[in-house]
Amino acid sequence: MSLSEDYPRVLFITPHAFNKVSGTGITFTNLFFGWPKDRIATVHDDCQPVTYEVCDRFYRLGPQEIRKFGGTLANRETLPKASNACGETQSAPLHIQALQSAKNLIFGDGLPQSGLLSLNLETWIEDFKPDVIFTILGSIGLMEVVEKIQARYNLPLIVHMMDDWPSVQFQKGLLGPFQRRRMAGLVRRLMDRSEIRMGICDSMCRAFEERYGGRFVPFQNTVDVDKWHRSARDPSHLNDPIRVVYAGSVYPNAQLTSLRDCCRAVAELCDDGYAIQAEIYSPSLTKESREILGEHPAIHFNGALTDDRSFFDTIGSSDILLMPSNFDNESVNFIRYSMPTRVPAYLAVGMPILVYGSPVVAQVQYACEFGWGLVVSNQGSEALKNGIVRLINDIDLRRRLSAAALSTARERHDASILRDQFRDEISTAAVSRDIAFRQSTI
């Protein structure tokens with residue numbers, strides 16, 4: 001059997017394509033790294049530029065496949081939000097804001113959509129001849145596209161859940177209840193039809209097994225530990241000034257307010273005489289989010305670290321890595337079972353990690369269970385300042401955290417292990433039905 005035959009032909013249907021910016025894009029770029037390019041095809045609805053590192057074949061969904069309803073309001077400019085990585089940072093004109101308010105009142109979280117299998121997409125899929133569908137689901141329109149493709153070609157389906165978005169979607173707007181019922185029905189039907197179900201972490205898999213039934217397998221971002229641990233330095237040696245680093249997305253419903261607390265703690269320590277600075281590296285830093293995080297000479301805002309070398313050099317040369325998550329109920333409901341993309345990379349470089357968030361959130365529980373982070377689960381700048389000062393002064397603690405982080409990275413996140421396991425799961429789905437029969441119908 002050739003190397004290519006060991007890899008099923010995967011039709012990846014996703015709102016987030018392979019890229020080096022978004023957490024989902026980075027995760028699947030790493031998980032699919034090494035997969036023969038001619039055996040991956042991506043159907044997506046992503047505004048970020050794609051990377052061709054692992055896939056050359058992309059189909060961008062358009063109005064032929066996803067139809068939005070809402071008349072004039074649907075075609076109006078959308079008011080920018082801090083959570084929109086593709087949005088502008090400037091405020092919209094007042095008449096646009098008024099239209100956006102009307103849109104929010106009627107439609108809430110999103111416009112009604114329908115998904116279609118267009119002739120163009122059908123031809124494109126038939127030219128590729130997939131063995132299996134892999135999807136992270138998404139909007140109602142995208143899920144209907146997945147459902148129609150799966151029904152048309154009778155392909156095995158793999159569903160990978162990245163967040164618990166079904167619990168928080170369509171809570172607002174006059175059409176919210178109708179939209180929520182449509183969304184929940186689609187998720188349930190696609191789960192029922194799936195051969196393999198994946199989650200982002202152990203906590204999510206346990207919760208979703210109870211909710212949806214069946215077995216869920218955890219897969220999250222992966223890292224080449226041996227390669228990137230070399231970017232790290234001895235954790236017992238400190239920079240001058242102390243460098244407290246956060247690298248990742250900044251969203252209002254995930255980490256914005258807790259990252260604000262971290263910035264305030266660093267600013268107050270600086271004002272108290274500590275030589276310290278916070279460095280924020282993010283693709284989603286809007287004007288509004290910067291204002292919330294606060295302006296201070298000790299706080300430095302930067303764009304995303306989009307290449308691996310600069311990313312690992314930056315986090316590996318830090319003194320403290322931040323992993324904040326919000327405490328409010330809405331955020332906790334959304335991120336309860338989430339695992340940030342940055343976790344494996346943070347662990348691999350072995351720098352001390354300060355974990356700040358609610359004890360019911362999976363990433364906080366993970367740090368507690370495996371001992372790779374100093375956890376601050378009480379909200380407020382005083383607790384944060386105490387944690388930061390402890391990480392500065394307690395060299396033995398820094399060494400223990402570093403050793404635990406590196407051990408966890410090797411055992412649970414190393415690319416040399418996880419990529420093979422990931423491929424094996426997909427292969428299991430691909431051979432679950434008669435591939436020869438399916439291909440003869442395409």
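A few remarks follow.
- Shape category assigned to the chain from the gyration tensor of Cα positions, a/c cut at 1.5: oblate
- Using the Cβ-Cβ distance between ASP271 and VAL360 with R0 = 35 Å, the FRET efficiency computed as 1/(1 + (r/R0)^6) comes to roughly 0.60.
- The stretch 225-412 - percent relative contact order, Cα under 8 Å, separation 6 or more: 26
- In the chain, lysine pairs with alpha-carbon atoms under 24 angstrom apart (chain gap of 8 or more, or interchain): 16
- Length-normalised contact order for the stretch 123-224 - Cα pairs under 8 Å, 6+ apart - percent: 24
- What separates the Cα centres of the stretch 213-230 and the stretch 347-399 is a distance of 21 Å.
- Phi to ³J(HN,Hα) by Karplus 6.51 cos²θ - 1.76 cosθ + 1.60 over the stretch 295-311, Hz, x for Gly, Pro: 9, 6, x, 8, 10, 10, 9, 9, x, 5, 8, 9, 10, 4, 4, 5, 5
- If R0 is 45 Å, the Cβ-Cβ spacing of ARG215 and GLU382 corresponds to a FRET efficiency of close to 0.55.
- The percentage of C-alpha pairs in the stretch 269-340 whose separation is greater than 21 Å is 42%.
- Ordering CYS55, CYS47 by the number of other Cβ atoms within 10 Å of each residue's own Cβ, fewest first, gives CYS47, CYS55.
- Convex hull volume of the stretch 151-279 per residue (C-alpha atoms, cubic angstrom): 182
- Contact order relative to length of the chain, as percent, for alpha carbon pairs under 8 angstrom and 6 or more apart: 17
- Ordering HIS160, HIS16, HIS229 by the number of other Cβ atoms within 10 Å of each residue's own Cβ, fewest first, gives HIS229, HIS16, HIS160.
- Order of THR42, THR123, THR306 under a 10 Å beta carbon neighbour criterion, fewest first: THR123, THR306, THR42
The numbers here are math on the coordinates, done by the rules we state, and not lab data. Nothing here was measured: the structure is a model prediction, and the numbers come from that model. Glycine also receives a Cβ, built like all others from the backbone with ideal geometry; neighbour counts cover every protein chain displayed.
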